[in-house]
Amino acid sequence: MHILFIADPPESFKIYKDTTFAMMRELQRRGHTLAVCGPQDLVWRSGGLVTAAVRTVRLTGDPVQWFSAEAVAQPQALKDFGAVLMRKDPPFDSEYFYATHLLEQAEREGARVFNKPRALRDHPEKLAIMECPQFIGPTLVSRSAEAIRAFHAEHRDIILKPLDGMGGMGIFRVKDDGLNLGSIIETLNRDGAQTVMVQKFLPAIAEGDKRILIIGGQPAPYCLARIPQGGEVRGNLAAGGKGEARPLATRDREIAEALGPALFARGLLLVGLDVIGEHVTEINVTSPTCFQEIQQQKGFDVAAMFADALEAALTRS
């Protein structure tokens, strides 16, 4: 089967930790062939099929020159691939949004896209948690400075973050003294022009922000706890957090087993739940990571679990 990855340029991959690379390696090991392109390579002409300028690639096993690729990209209809994996990293900006529309058209033409484009649009990674209030801490979504101030007055220790942030960017903590709250609100809500998420601070962050992977509706048996270092409040690996693989706790499994089947039914083959203590803080659907860290520390082959789920989904479709 020929599989297309829509992703950032492979030249930019850090293959010692990259999850898309781990997927590619396992799928090639199983005999599938691989191609790559970026969202910018998608094309839809009136009266025609959705195509992309793609490069066929092969992993070499060399840690430096880790792949070989065609020198010139060739146009190919997305429906002609066995599967199309949308793995472009955030931000989920207008261009990402438009790409999901082209991918949805490709689905109508017969392409099999994972995660489903409509599901990507319908599950903004921070807002999606509001559907499951039983699993989240006190949370506010608002443009209103007054509403944010009232939330702080009620909870006294809060986290503020932009809805379109990634990798821990733009996250602020405001403690009981309210120091710099006004300035932070102005920075994030841009004088009421931009919506902000505000959450009660969860002290359990000291034990790690856990990434729980749900594949084909089922949780992987291990999570990756991203533990803040030094005086940092963010556990994100991109913000310097330390990754520690752990077996799922009872509460982790309860959350994953409650949410996993419903998310899978909506077309989300791969989901990354972020959990602090006993509370879900984000539902990641664009390009969830942490496959390699879990395998390296615990020996569990997450990429194989993913490939099993993908092959099973293709058999059913």
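The values are calculated or read from the model by the stated rules, or taken from the named source; none is laboratory data. Just so we're clear, the structure is a prediction, and the values are computed from it rather than from any experiment. Don't worry about glycine lacking a Cβ; one is built from the backbone with ideal geometry, like all the others, and counts go over all protein chains shown.
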Cross-chain or 6+ apart pairs with Cβ under 8 Å, the stretch 2-21 first and under 10 Å from residue 38 (Cα atoms) and in contact (Cβ under 8 Å) with a residue 60 or more places away in the chain, then β-branched (Val, Ile, Thr) and assigned to a helix (DSSP H, G or I): 5/20; 7/20
Among (1) crowded, with 20+ Cβ neighbours inside 10 Å; (2) in contact with a helix residue (DSSP H, G or I) (Cβ under 8 Å, 6 or more places away or on another chain); (3) among the acidic types (Asp, Glu) - the single one residue 301 does not satisfy: (1)
Which listed residue is of a type outside the set (Gly, Ala, Ser) and within 14 Å of the chain's Cα centre (by Cα), from 314, 270: 270
Cross-chain or 6+ apart pairs with Cβ under 7 Å, the stretch 87-100 first and under 12 Å from residue 115 (Cβ atoms) and free of Cβ contacts under 8 Å to residues at least 24 places away in the same chain, then of a type in the set (Phe, Trp, Tyr) and in a loop (DSSP other than H, G, I, E, B): none
Count - residues of the stretch 123-143 that are without any contact (Cβ under 8 Å) to a residue 24 or more places away in the chain and either crowded, with 16+ Cβ neighbours inside 10 Å or under 30 Å from residue 107 (Cα atoms) (or both): 2
Sole residue being at pLDDT below 95 and closer than 16 Å to residue 236 by Cα, chosen from 205, 212: 205
Strands (runs of 3 or more DSSP E) contained entirely in the stretch 1-108, each with at least 2 residues that are at pLDDT 95 or above, farther than 21 Å from residue 292 by Cα and among the hydroxyl-bearing types (Ser, Thr, Tyr): 50-59
The stretch 237-284 - residue that is of a type in the set (Gly, Ala, Ser) and modelled with pLDDT under 95 and, of those, surrounded by the fewest Cβ atoms within 10 Å (Cβ to Cβ): 238
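Residues are listed down the side, and each one gets a yes or a no for (1) touching a Cys at 6+ places or on another chain (Cβ under 7 Å); (2) surrounded by fewer than 21 Cβ atoms within 10 Å (Cβ to Cβ):
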site: 24; (1), (2): no, no
site: 34; (1), (2): no, no
site: 37; (1), (2): no, no
site: 53; (1), (2): yes, yes
site: 61; (1), (2): no, yes
site: 111; (1), (2): no, no
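Just to check your reading of the model, which residue among 120, 188, 160 is assigned to a helix (DSSP H, G or I), over 30 Å from residue 107 (Cα atoms), within 24 Å of the chain's Cα centre (by Cα) and not assigned by TED's automatic domain parsing to the domain that holds residue 92?
None of the others qualify; the one that does is 188.
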Residue 300 being outside any helix (DSSP H, G or I) and among the hydrophobic types (A, V, I, L, M, F, W, C): yes
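Going by the conditions given, is residue 293 among the charged types (D, E, K, R) and in a loop (DSSP other than H, G, I, E, B)?
It is false that residue 293 is among the charged types (D, E, K, R) and in a loop (DSSP other than H, G, I, E, B).
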